[in-house]
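Structure provided below as structure tokens; questions to follow.
The values are calculated or read from the model by the stated rules, or taken from the named source; none is laboratory data. Treat the numbers as computed from the prediction; the structure is a model and nothing was measured. Cβ placement follows ideal geometry from the backbone for every residue including glycine, while neighbour counts extend to all protein chains displayed. Accessible surface areas use protein heavy atoms only, side chains included; no ligands, DNA or RNA. Shrake-Rupley method; radii C 1.70, N 1.55, O 1.52, S 1.80 Å.
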Amino acid sequence: AYDVDNDDFSELPRNRNFTINPRLFFYPDPSLSIMLGNSYTRGSNTGGDMEVIEGKTNALHTYFEKNSTIRNTGTLEMDKKFASGNRMKLKQSVGLFDRIINLPAYMFSGFNTNSFTDLSLLLNKQKHTIIGGLNVVFDKFNHRNTSVLDAQSFTSGIYMQDAWDISDKIILESGLRVDHVNYKNNNYSKNQVFVLPRVSAMFKISHQFSSRIGGGLGYKIPTSFTEETESVQYQNLQALNNVEAERSVGGTADINFKTNITGDLAFSINQLFFFTQINKPLILQSDIFGNLSFVNAAKPVISSGFETNLKLIFREDLKLFVGYTFTDANAKYRAGNQFLSLVPKNKLNLTL
């Protein structure tokens, strides 16, 4: 544990982690590859009062936060190549996640099971690369202390994507995904269908200039586990009730320029603009008794801005990256200050 500002409270917890991730690769014939893997992680993080962390608890030093986690994920990947150049891929994973949070006079203990299956087929045509497939996602959470937060979801989806080389200068990529989602807990059950188109295009204007533009729809099903509820260790959190998935619409557009300033010095710049609107956002509310619950807001969250990235490369060995992002994120459902405090308005990144 580390106390940065000498206030006897840890900024970095004591951390003990163990991870093992073996993988086996099989090649029955030149056209078929199979990968079997398993990842196991066991971790313990203890933060809070430095005296307590060091085992010196007394009447003045009592507070601690301890997170204990065990995660195990098994994976299977199969890749079959056909003589025509087409490919078929199967991906499967099963994950188990056990988590315990201990605080003075409070404990959270839960177990999560999830699985992901995806089967896809890639077809290579003259000017088209087509990917189609289907997938199934299952997620279930059991709260050991109480059944309040017990929940599960099941998603089945089909998708198709086409990358079309219209010419040497224009590439168009379009896709459509359709998902059927069921999510439920002890309070309610809801079924929703999402039709999610997206399209993007790349324009190679010249050797030095290129541009991309794209947009699409998205969604996120309700969950009790967010950054806000994590910060209070899920204390006094009530079960989801009659809420529905958030829906989003968004788009980006950028322009790129690259050139050689000298024989040894290369320069490039990317200017990106973005916009996202999240409809029916889930917001956390508190009643007079301190109980926390989620509701769908009537008005959206809207985020827009731009990002500028510069890159200087000297003889491929010395690289300077300069990035600046401006984000204007506003919660339109708020009557007063609509600025989202957890989203930085200005962000500068310098890497040499």
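Hey, got the dipole for the chain? About the Cα centre, +1 on K and R Cβ, -1 on D and E Cβ, debye to the nearest 20?
It works out to roughly 1240 debye.
Could you tell me which label, among (1) 213; (2) 350; (3) 203, carries the value of volume of the Cα convex hull per residue in Å³ calculated for this structure?
Evaluating volume of the Cα convex hull per residue in Å³ on these atoms matches (1).
Continuing with the same structure: If I stretch the segment between residue 339 and residue 191 completely, what's the gain in nm (0.36 nm per residue apart, minus their alpha carbon distance), one decimal?
50.0 nm
May I pose another question? Tell me which of 75, 149, 129 sits at the most positive position along the dipole axis of the stretch 65-162, charges placed on C-beta atoms (Lys, Arg +1; Asp, Glu -1).
Of the candidates, 129 comes out farthest on the positive side.
Each label point is 7 Å from the Cα along the Cα-to-Cβ direction; what then is the distance between the points at residue 78 and residue 23, in nm?
1.9 nm
Using a probe radius of 1.4 Å on heavy atoms only, what accessible surface per residue do you get for the chain? Whole Å² is fine.
I get 61 Å² per residue for the chain.
Follow-up question, since we're still on this one. For residue 291 and residue 87, what does the FRET efficiency come to when R0 = 56 Å and r is the distance between their Cβ atoms, rounded to the nearest 0.05?
Efficiency at R0 = 56 Å is approximately 0.60.
Apply 1/(1 + (r/R0)^6) to the Cβ-Cβ distance of residue 322 and residue 96, taking R0 = 51 Å, and write down the FRET efficiency to the nearest 0.05.
Once the sixth-power term is evaluated, E becomes 0.75.
Same structure, new question: Can you give the extra length, in nm with one decimal, that the chain gains between residue 115 and residue 268 once fully stretched, where that is 0.36 nm per residue apart less the Cα-Cα distance?
Stretched fully, the residue 115-residue 268 segment lengthens by 50.9 nm.
Over the Cα atoms of the stretch 125-265, each weighted equally, I'd like the Debye log10 I(q)/I(0) at q = 0.12, 0.15, 0.16 Å⁻¹, rounded to two decimals.
Here the Debye-derived log intensity ratios amount to -0.71, -0.88, -0.93.
Here is a further query. Taking a point 7 angstrom from the Cα of residue 298 along the C-beta vector, which residues in the stretch 318-352 have backbone N less than 15 Å away?
Counting backbone N atoms under 15 Å from the label point, the list is 332-336.
Can you figure out the FRET efficiency of residue 241 with residue 107, using R₀ = 22 Å and their beta-carbon distance, to the nearest 0.05?
Using R0 = 22 Å, I get an efficiency of 0.35.
I've got another one for you. Rounded to the nearest 500 deg cm²/dmol, what is the calculated helix-only ellipticity per residue at 222 nm for the chain, with -39500 (n - 2.57) per DSSP H run of length n ≥ 4?
-500 deg cm²/dmol, from helical runs alone.
Then there's this: Relative contact order for the stretch 169-228: what percent, with Cα pairs under 8 Å and sequence separation of 6 or more?
31 percent
With a cut-off of 8 Å between alpha carbons and a minimum separation of six or more residues, what is the relative contact order of the stretch 253-301 in percent?
29 percent
At a 10 angstrom cut-off on C-beta neighbours, averaged per residue, how do the peptides 197-207, 294-304 rank from highest to lowest?
294-304, 197-207
Which is farthest toward the positive dipole end of the stretch 220-295 among 241, 294, 256, measuring Cα position about the Cα centre, with Cβ charges +1 (Lys, Arg) and -1 (Asp, Glu)?
After comparing all options, I get 256.
Say each of residue 156 and residue 40 gets a label point 7 Å from the Cα, pointing the same way as Cα to Cβ; how far apart are those two points in nm?
So the two model labels end up 3.4 nm from each other.
Of all accessible surface on the chain at a 1.4 Å probe, what whole percent is carbon and sulfur?
58 percent
Relative contact order of the chain: what whole-number percent is it, with Cα pairs under 8 angstrom and at least 6 residues apart?
It rounds to 7 percent for the chain.
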